[in-house]
Ligand SMILES: [Cu+2]
């Protein structure tokens with residue numbers, strides 16, 4: 001129904017609602033554009049100099065333009081109160097519980113996305129700013145904490161299982177970044193000092209999307225959507241959506257690999 005918008009292919013469960021809203025906004029804005037444009041042309045013709053050689057200090061006494069402006073305000077209020085706010089409220093209210101979702105912490109920094117998984121035990125390990133090292137430990141994860149031994153951290157690589165709710169807890173180290181994945185119809189600012197949760201359900205695996213789009217190199221991309229500094233344009237992350245089994249395999253393998261590397265850094 002919203003193909004005419006030319007949006008990126010849709011790959012999240014709630015995305016249809018967003019697309020409908022975008023569609024309605026375009027329709028209303030088109031009506032406004034034509035209306036205002038028509039009014040503008042009418043005013044140019046109606047008040048042209050040859051018809052009004054002498055300035056008229058009384059001006060227009062009709063209230064029609066006032067009614068028009070009220071009409072425009074009503075349409076905009078309908079968009080906001082009738083569509084946008086209820087959709088947003090429903091999204092925020094329906095946040096799944098952490099036990100039924102995959103929770104991932106995503107921390108923006110200039111200019112990368114640090115991804116942190118709790119690992120097979122489902123518990124995030126302790127982080128400590130004293131352990132923070134931009135090259136080897138950009139999140140300051142404490143591998144000596146029992147909850148942290150199986151944790152997984154990656155830079156710019158977000159792996160997700162298909163058809164399972166994902167809660168992304170967004171944070172930022174220094175400036176405002178924004179986590180945007182167009183195909184998932186999510187975009188949320190990451191603000192220093194705050195942890196902001198967002199959620200969505202990916203519905204199409206990367207492999208399936210490659211077949212669908214006919215593009216063998218297709219990648220979901222996390223685009224930083226707030227100008228955050230000189231390297232903003234290269235602040236790109238990638239999302240790989242896998243089947244539940246593939247994801248579990250990746251989680252187990254990567255967890256073991258990283259725990260091994262942490263136990264024996266000189267290996
Ligand atoms: Cu950024």
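Structure notes:
- Calculated [θ] (222 nm, deg cm²/dmol) that DSSP helices of n ≥ 4 give over the chain, each run adding -39,500 (n - 2.57): -10500 deg cm²/dmol
- For the chain, the antiparallel share of DSSP beta bridges with both residues in that region comes to about 70%.
- Computed lengthening from residue 243 to residue 156, 0.36 nm per intervening residue step minus Cα-Cα distance: 29.3 nm
- Average projection area in nm² (convex hull over Cα atoms of region 131-205, one quarter of hull surface): 6.0 nm²
- Subtracting the Cα-Cα distance of residue 188 and residue 67 from 0.36 nm times their residue separation leaves 39.8 nm of extension gain.
- Three-way shape label, region 192-240, alpha-carbon gyration tensor, a/c 1.5: oblate
- The stretch between residue 230 and residue 34 holds 66.6 nm of extra length on full extension. This uses 0.36 nm per residue minus the Cα-Cα distance.
- Two-decimal Rg/Rh across region 19-64, once Rg and the Kirkwood Rh are taken from alpha-carbon atoms: 1.24
- Cα gyration tensor, region 170-267 - rounded (a/c under 1.5), prolate or oblate: oblate
- Taking the alpha carbon gyration tensor of region 1-131, multiplying each eigenvalue by 5 and rooting it gives semi-axes of 53, 18, 15 Å, largest first.
- When each of the peptides 170-177, 217-224 is scored by the mean number of other C-beta atoms lying within 10 Å of its residues, the order from highest to lowest reads 170-177, 217-224.
- Across every pair of non-identical alpha carbons in the chain, the mean reciprocal distance, once inverted, gives a Kirkwood radius of 21.9 Å.
Coordinate-derived values only; no laboratory data. On a predicted model such as this, the values are computed, not experimentally measured, just so you know. Note: ideal-geometry Cβ built from the backbone for every residue, glycine included; neighbour counts use all protein chains shown.
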